[in-house]
1. Looking at segment 435-485, I'd like the Rg to Rh ratio, where Rg is from alpha-carbon atoms and Rh is Kirkwood's inverse mean 1/r.
2. Using a ≥ b ≥ c from the Cα gyration tensor of segment 465-599 (square roots of the eigenvalues), is it rounded, prolate or oblate, where a/c under 1.5 gives rounded and otherwise the larger of a/b and b/c decides, a/b for prolate?
3. Can you list the lysines whose alpha carbon is less than 20 Å from that of LYS176, not counting same-chain residues fewer than 8 positions off?
4. Specify, per residue and in Å³, the volume enclosed by the convex hull of the alpha carbon atoms belonging to segment 263-365.
5. So if I restrict to the alpha-carbon atoms in segment 372-456, what is the Rg, and what is Dmax, the biggest pairwise distance, in Å?
6. Subtract the Cα-Cα distance of GLU369 and LYS176 from 0.36 nm times their separation in residues, and report this length gain in nm to one decimal.
7. Report THR115's accessible area, 1.4 Å probe, all protein chains in place, as a number in Å² to the nearest 10.
8. I'd like to know which of CYS494, ILE504, SER525 lies farthest towards the positive end of the charge dipole of segment 468-545, counting +1 on Cβ of Lys and Arg and -1 on Cβ of Asp and Glu.
Amino acid sequence: MSKLTREDFRTLRAKAEHDLAQSKESPAILICAGTGCIAGGAMKIYDNFKAECEARGLKVYVGLKHDTDEEKSLHVKMSGCHGFCEMGPLVHIEPLGVMYIHVKPEDCHEILGKTVLGGEIIDRLTYHLDGVAYPRQEDIPFYKKQHRVVLENCGTSDAEDIEEYIAKGGYSAFEKALFEMTDEEICKDILDSGLRGRGGGGFPAGRKWDGARKQTSKKKYIVCNGDEGDPGAFMDRSVMEGNPHSVLEGMMIAGCAVGSDEGYIYVRAEYPLAVNRLKSAIAKAEELGLLGDNILGSDFSFRIHVNKGAGAFVCGEGSALTASIEGNRGMPRVKPPRTIEHGLWAEPTVLNNVETFANVPLIIKNGVEWYRGIGTEKSPGTKAFALTGNVNNTGLIEVPMGTTIREVVFDIGGGIKNGKKFKAVQIGGPSGGATTASDEHLDLPLDFDSLKSIGAMIGSGGLVVMDEDTCMVETARFFMHFTQNESCGKCVPCREGTKRMLEILDRIIANEGTLEDLDMLEELSKTITETALCGLGQSACKPVQSTLRHFREDYLHHVVEHHCPICNGRKRHLEINAELCKGCGKCKRNCPMNAISGEIRMPHTIDTTLCIHCGACWGACPFGAIDAIEEEG
């Protein structure tokens, strides 16, 4: 296809919108093709649906085009993550709006015959709660209090169809920024919107962009951080897999704003599906002329590259990330100068994470006031969270900033599993802190400033819910083990300090600690926080600091009574439920003791002789397949 001019693009968009409107009238099957559902057999379900259609003489379409004889045509699409990961594989039937859960390949024949062609709802495949069936997604309590903005297209669109993205308004914000706005106006809109970095720090994106815009260098870069190294976090991965064009468009608008002609997306190599879909999206945008030289007939040129990281947690830090792209060892450097002055290859660089860039087209297209109408005054917009742990409904959620922890855990999450008491939420992974079951904490708004007041932070957005059977000392030790293992070793406070802290926590868990050890933990935490080189090192002690502050009794059980009622009071072991396990391997990758084994797409097992009950596996499992089994005697 020849490259588009602006008029060509508008013609294409009008045609895509027309095709989309028409396609909505004909039946469509959307199969969740996020990583979790694919591990559960989504590809086999997709193949079975196509085979069933062929057997019935139905023509299958995967794009927006459709047959004029609608009774003989059907759309079968692979969408992005729907979010309700625990219930996967998920299948949507349009235009009925029906969502089926735990779908198996052998269900395809019945779904096609009864629901797609007959309009009948299959009760056994619908979500049930307290005896009530919820056949439509929007009625399910898990979705009721969500406000899906960044994730809106993830479960409703073909992740690899650029024309469907354009039909839903895609690249119209880029067109507006390119032809109707100055670089200063773009930066002002992003600044006035109040968009803050979704990677954890919450720095105003507009200030960063405007700072880079004012740099006089002829070469500037746009870098997207898709490293997402926190245990149990998969928000950015889902956006890259389910709506990759939104990330590209956000980066392109940033390029217009600061005068850059080149961008990089840094993705951890453990995200092969995200990498493939990003590369596919880039290739299709280049084919249309939305990426490359003289885009849409303008004098603006922009190219995007995908760079795979090797999985080092420290490469989530800006200067370490840019060093890795350059081919050097991923280690942070002393700042200032900041990245906007001295970033990739020593040139001015705008670096934001995936979710931040995905918000940008929506702000430019819908306006500043629209965006500020969501969330809170100081933290506008929405935030995507990975909800995991001892909660009934696990998965990927998106809520307005300011939503309370109580709403997330009990309304969206459905409360604590097995009737247990709620104890804590670890927010922000290794860089975050724990909240308690007190009303003060449960009613705390999830926004950047409120969480700081209790020694926690949003981080990238991981939420691990813990029940009464969780020892918070074990939780702190797990995150310290992770941080110490991932330390790049460049600065002494992080390299040596976290090692000493881990040794103390090991001693406490073994009931050999003392009250002096608690004082030493606090002193080391303060020193590391104040003297570590990078932001990751400076926040490494937050899980220990917050658990010492809010769950000191758990520590005292170990160091005063030398007996923890949770760790030592009963015999327990963790076990993987083979019926729920999809063999995705997330538990195996997150286990610090290599206690989990199993082949991909096959049920995994835990070696109880190696397991330390740190909870990393149930925190990472998107299917709720990890159980704590109490042993007799």
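The values are calculated or read from the model by the stated rules, or taken from the named source; none is laboratory data. For clarity, every value in this text was computed on a predicted model and none was experimentally measured. Positions of Cβ are generated from backbone atoms using ideal geometry, with glycine treated the same way; all protein chains shown enter the neighbour counts. What goes into the accessible areas is simple: the full protein's heavy atoms, side chains included, and nothing from ligands, DNA or RNA. Shrake-Rupley method; radii C 1.70, N 1.55, O 1.52, S 1.80 Å.
1. Working: Rg = 12.3 Å, Rh = 12.5 Å.
Expressed as Rg/Rh, it is 0.98.
2. Values: a/c = 2.30, a/b = 1.22, b/c = 1.88.
Oblate.
3. Excluding near neighbours in sequence, the set is LYS3, LYS15, LYS168, LYS188, LYS365.
4. Numbers: hull volume 12.9 nm³, N = 103.
Once divided by residue count, the hull of segment 263-365 is 125 Å³.
5. 12.4, 39
6. Values: separation 193, 0.36 × 193 = 69.48 nm, distance 1.71 nm.
In short, 67.8 nm is gained.
7. Estimated to the nearest 10 Å², THR115 gives 0 Å².
8. Final value for the positive-end residue is CYS494.
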